[in-house]
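Heads up: the structure comes next, in structure tokens.
The values are calculated or read from the model by the stated rules, or taken from the named source; none is laboratory data. All values reported here derive from a predicted model rather than from experimental measurement. Don't worry about glycine lacking a Cβ; one is built from the backbone with ideal geometry, like all the others, and counts go over all protein chains shown. Note: areas computed on protein heavy atoms with side chains; ligands, DNA, RNA excluded. Shrake-Rupley method; radii C 1.70, N 1.55, O 1.52, S 1.80 Å.
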Amino acid sequence: YESTVVVPNMASAFAAAAAATNSTDDSTDDSTDNSTDKAAASASNVIEVTKQHRRLGELAHESQRHSDNLLGNIVSETRWLPLRAEERGAIAASAFGAGFGGSVWALVKSEDADEFKHAWANDYSQKHPQSAARATFFTMRPGPGARQIERY
């Protein structure tokens, strides 16, 4: 999946699940049972990724809500952008970074990323014209999550 303004460590688990869904088995076994097993496994992967999409969206939404209600340092732009991303069909979206500003990420399917980015930026320009001149919207692929680096 490609994402629009995404925090790589939050998306790495999702990206791994999506990659597993898109993987193929190169074996040459032509048996009906094998193709039935492959179809069942593929359907199971799709269901699991869908569950992960929903859960990631719930967690991001909850994180945004907590930032807004408990920290009290969310500005109107970073309050509105994740909600608009969800309305536009993003899998998940949330603000991050410094309080009283910062950034917002939204996770979308690769094939939808460019159209989503342009529509989201246009929506933002209409809703917050003064801030839009300083805003940058871009797409990137999720990177690997945080991991320990071995010391030598």
Would you confirm whether any residue within the range 111-124 is under 20 Å from Thr78 (Cα atoms) and in a loop (DSSP other than H, G, I, E, B)? no
Would you mind finding the one in Tyr124, Tyr152 that is free of Cβ contacts under 8 Å to residues at least 12 places away in the same chain and hydroxyl-bearing (Ser, Thr, Tyr)? Tyr152
Please go through the range 72-102 and pick out each residue that is of a type in the set (A, V, I, L, M) and assigned to a loop (DSSP other than H, G, I, E, B). Ile74, Val75, Ala90, Ile91, Ala98
Any pair with Cβ under 8 angstrom, 6 or more apart, that starts in the range 75-98 at a residue that is more than 15 Å from Ser63 (Cα to Cα) and open to solvent by 70 Å² or more (accessible area, probe 1.4 Å) and ends at one that is acidic (Asp, Glu) and modelled with pLDDT of 95 or more: Arg88/Asp123
All but one of (1) open to solvent by 50 Å² or more (accessible area, probe 1.4 Å); (2) modelled with pLDDT under 90; (3) within 23 Å of Asp123 (Cβ to Cβ) hold for Asn69, so report the exception by its number. (3)
Evaluate the range 107-119: report whether one residue or more is open to solvent by less than 40 Å² (accessible area, probe 1.4 Å), modelled with pLDDT of 90 or more and more than 14 Å from the chain's Cα centre (by Cα). yes
